[in-house]
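Rule-based calculations on the coordinates, nothing more; no lab input. In this text, all values refer to a predicted model and were calculated from it rather than measured experimentally. Note that each Cβ is placed from the backbone with ideal geometry, even for glycine, and that neighbours are counted across all protein chains shown.
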Amino acid sequence: MAALRWLVYALGGGMGHLTRACALARLAARRGHAVTLLTNSPFAPGLPLDAVLGPGVTVWRPGATLDKQGVREAVARWLDAERPDVFVVDTFPRGLGGELAPLLPGLRARKVLIHRDLNPAYVERFDVARAVDAFDLLLVPGEDAPFAGHPRAVRTAPWLLLEEGELLSRAEARGRLGVAAEEARPVVAVMGCGTPAEVEEAGDIAARLQSRLEGSAVVRWLVPPGAREPRAPASDEGLPSRSVRATALPAPPHPSDALLATVWPALAVLPGVDVLVGAGGYNTVHEARATGTPLMALARARLYDRQALRLRAEERADSVEAWVERAVQLALARPGRGPGPYVSGTRDAVARIERLLLSA
Amino acid sequence: MSPPSEAPCQETTGFLFSHACGEPMEAACDRCGKILCRDHVSSVQGESLCMTCAEEEEDDEGDEGADSDSDSSPTEDDPSYYYDDYGYYGGSTWGGGSSKDPNDFTEADGESLRNEDDASFEEDLGGS
């Protein structure tokens, strides 16, 4: 089909909104579409977005100094200037600050919501049902959601950032993690993401696992690029830009610095990981399941996302102490990898959006 | 309260991106010593506190109040408050009987659900 202009709205903390939006954006760009992605993820400045997204995607980080009203005005200007053919909104039908609710009815683009579970108190208090009705298509990516039964809702498999052929082989992945090819011990990887504080806490967990496992496993602390390096500010000019300037001090030394493996997307190296220790975020959980990587997770508190609902009983630890203990037991048991298959709904999602545009 | 100085405020601020406030010092937190500007100092029962210590103080006061205000009716912390006809496990999973369902949540899981009555919806753009 003809190349069209896609805008993908992925405001929201952590890495989840950005990662899911990147999955969609890169496949849309490979289909020839011009994609602009809006993010305020604090991790975005450090990530190799150019390499992962390819040349067809532009990333816009709105100015860091904007207040709520400023964000509303910037998003309104962005929509007016870009004139998209399709506007894709991740998770928040009203926009993260409620700024989309008055804008969507007048927007001449086709509107697509990536519809996921939301805190029911928010759904009720902010009349999210009304906001959902402004969308032409609701894509439900692999999990239940409050309006999954909406007449315009379509379920897909969970969206993954990489296709199966893009994952590293087990040997390559272990090499990327600094593990020797002849190493026979299992690799336990502690995922550091979510918030900067949780990245540091993951380092603490890695140190505890290293101590408890007493050399019977290789422990790694997975950290996205830039998370423990100087941070860059957003573009205060309010223009789409990937250029960054580092201004802050580097992260202080951590006892687990020797275990550090700076990698993104972590999905690429999961074939080399025997036990994944992480939180219950969308990408961590679905990446572990798709690659058959045994997961031990702690459900983190979030404003909108309810991680405990995502985790299965065998994946979910009840406390930090149980998290460490059960991860140790899992590593010592040396479980085999799950059978797969590796299924991602991202390509299906792009196809369904293209179909919507053809019907316009 | 300490006199103003050139030391920068150590609180974080920002709607979209959290960053150091950096405004001139007005006071230091009486409990943790964090340097605070005029906008980030809170006066709580005669103490000058940072936002974190002030919230802890308010939480402590709230807990004391809650102890004396028990109510047996369902609250937002009760799963049945929301899950009559929507959820991952279906209504039949909850309540009744003595058998333990492996999918039941524990008190620890409640930590990740605790924000259900959070008032900062659409105010915290670091939320997820």
(request) List every residue whose amide H lies under 5 Å from the amide H of residue B:48, counting only residues 5 or more places away in sequence or on a different chain, with H placed 1.01 Å from N in the peptide plane. (result) B:30
(request) Work out from phi, with θ = phi - 60° and the Karplus expression 6.51 cos²θ - 1.76 cosθ + 1.60, the ³J(HN,Hα) of each residue of the range B:120-128, listed in order in whole Hz, and give x for Gly and Pro. (result) 9, 3, 6, 10, 10, 7, x, x, 8
(request) Place a +1 charge on the Cβ of each Lys and Arg in the range A:164-333 and a -1 charge on the Cβ of each Asp and Glu, then give the dipole magnitude about the Cα centre in debye, rounded to the nearest 20. (result) 180
(message) For the range A:164-333, take the convex hull of the Cα atoms, compute a quarter of its surface area, and give me that in nm², please.
(response) 11.2
(request) Rank these for me by crowding, A:92, A:87, A:126, going from fewest to most other beta carbons within 10 Å. (result) A:126, A:87, A:92
(request) Neighbouring Cβ atoms within 10 Å as the yardstick, rank B:29, B:21 fewest first. (result) B:21, B:29
(message) Within a 10 angstrom radius of the beta carbon, how do A:359, B:42 rank from fewest other beta carbons to most?
(response) A:359, B:42
(request) With a point put 7 Å past each Cα toward its Cβ, work out how far residue A:313 is from residue B:31 in nm, to one decimal. (result) 3.9
(message) Using the Cα centre of chain A as the reference point, and only Cβ charges (+1 on K/R, -1 on D/E), how large is the resulting charge dipole? Debye, rounded to the nearest 20.
(response) 700
(request) Treat each spin label as a single point 7 Å out from the Cα along the C-beta direction, and report the residue A:360 to residue A:183 distance in nm. (result) 4.9
(message) Give the separation of the Cα centroids, the range A:294-351 to the range A:44-64, in Å.
(response) 27
(message) Taking amide H atoms as placed 1.01 Å from N in the peptide plane, list the residues 5 or more away in sequence, or in a different chain, whose amide H sits under 5 Å from that of residue A:299.
(response) A:317
(request) Using θ = phi - 60° and the Karplus relation 6.51 cos²θ - 1.76 cosθ + 1.60, list the HN-Hα couplings for the range A:122-137 in order, rounded to whole Hz, with x at every Gly or Pro. (result) 5, 4, 6, 5, 9, 6, 5, 4, 5, 5, 4, 5, 6, 9, 7, 8
(message) If N is the number of residues in chain A, what value comes out of its Cα radius of gyration divided by 2.2 N^0.38 Å?
(response) 0.98
(message) So if I place +1 on the C-beta of Lys and Arg and -1 on the C-beta of Asp and Glu, and nothing else carries charge, what would the dipole magnitude of the range A:251-360 be about its Cα centre? I want it in debye, nearest 20.
(response) 380
(request) Among A:328, A:193, A:217, flag the residue with its Cα farthest along the positive direction of the charge dipole of the range A:164-333, charges on Cβ as +1 for Lys/Arg and -1 for Asp/Glu. (result) A:193
(request) Summarise the partner chain shielding of A:296-305 as one whole number: the mean count of Cβ atoms from other chains within 10 Å of each residue's Cβ. (result) 5
(request) Could you check the simple spin-label distance between residue A:81 and residue A:325, using points 7 Å along Cα→Cβ, in nm with one decimal? (result) 5.5
(message) What does the structure give for A:117-126 when I average, per residue, the other chain Cβ atoms found within 10 Å of the residue Cβ?
(response) 5
